[in-house]
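This report concerns only the one structure given below.
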Amino acid sequence: MPTRLIREGILTSDKIAALDWGGEVFYRRLMSVVDDYGRTEYGEKLLRSKCYPLQIDVVQDADVKRWVDACLVAGLVTMYQNGDKRYLEINNFNQQTRSKSKCPAPNDNNSQLLTDDNTCKQLLSDVHLDGDGDGGVLCTEQVETTSSEPAIIEIPLIGGKSYGVTQSDINGYSEIYGSVDVLSELKRCRQWNIDNPRKRKTHSGVKRHINTWLGSVQDKPKTRQKTFDAMHHTGGGVVL
């Protein structure tokens, strides 16, 4: 087994922090089985036997697929196809190369990156990092904003990217959530995502995240009123 250099930056990486414990252990084990270029042929059974030779009866193929998908979501690996075989490459592997890779490169003329719409949709339906259905992959078509306007607020996403909220977006949210200080709440939302990297959303899930955040703020006065009404006893009880 080749010697691998693991830098201390792995301990403070947002991408690594986006993984659960099983995903991080898998990623670290994957480093030991890929070649000097960070590449390996992909297959759940194959990676299961390579990465967990003494736990083959404990780890399931579905576990490997889930962890691979999580690494794709976090932007730690690239999946691609060459001919009828699929491959994984660890991004930014930066190890000493001793021999030529037996796996084709992702940018080989015959290779196809598996980041098309169909693959994205499939992974979006399979991966649930934070339990609310906002899983996804870092698709090549993702952009920081939905228009050419500059971003006023940037919400951090899974994988180190961010979603830019423009002034037009803020104006639109203000029309919907009229009682909310939208800009102030977006700043709070941004800070929450900075402080909770494991719970960040994907590009496809961040709009729902923002709407949920603003909606919950707008509903707070209603919640307080319901509580007040429930505690108000017109038959002579104590009014708090």
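Tabulated results
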| read-out | value |
| --- | --- |
| Residue list for the range 81-101, filter: in contact with a strand residue (DSSP E or B) (Cβ under 8 Å, 6 or more places away or on another chain) and surrounded by fewer than 17 Cβ atoms within 10 Å (Cβ to Cβ) | 85, 86, 91, 101 |
| Sole exception among (1) in a loop (DSSP other than H, G, I, E, B); (2) closer than 23 Å to residue 159 by Cα; (3) in contact with a Phe, Trp or Tyr (Cβ under 8 Å, 6 or more places away or on another chain) for residue 92, by number | (3) |
| So residue 72, is it at pLDDT 90 or above and out of contact with any Asp or Glu (no Cβ under 7 Å at 6 or more places or on another chain) | no |
| Some residue of the range 58-68 being in contact with a strand residue (DSSP E or B) (Cβ under 9 Å, 6 or more places away or on another chain), more than 23 Å from residue 202 (Cβ to Cβ) and in a helix (DSSP H, G or I) | no |
| Residue match in the range 37-46 (condition: in contact with a Ser or Thr (Cβ under 6 Å, 6 or more places away or on another chain), in a loop (DSSP other than H, G, I, E, B) and in the same structural domain as residue 15 (by TED's automatic domain parsing)) | yes |
| Members of the range 177-200 found to be among the charged types (D, E, K, R) and either modelled with pLDDT of 90 or more or buried (at least 19 other Cβ atoms within 10 Å of the Cβ) (or both), listed by number | 181, 185, 187, 188, 190, 200 |
| Filter pass, residue 87 being more than 25 Å from residue 201 (Cα to Cα), of a type in the set (Ser, Thr, Tyr), touching a helix residue (DSSP H, G or I) at 6+ places or on another chain (Cβ under 9 Å) and free of Cβ contacts under 8 Å to residues at least 60 places away in the same chain | no |
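The values are calculated or read from the model by the stated rules, or taken from the named source; none is laboratory data. Predicted model only: the values in this text are computed from it and were never measured. No Cβ is skipped: glycine too gets one built from the backbone with ideal geometry, and neighbour counts run over all protein chains shown.
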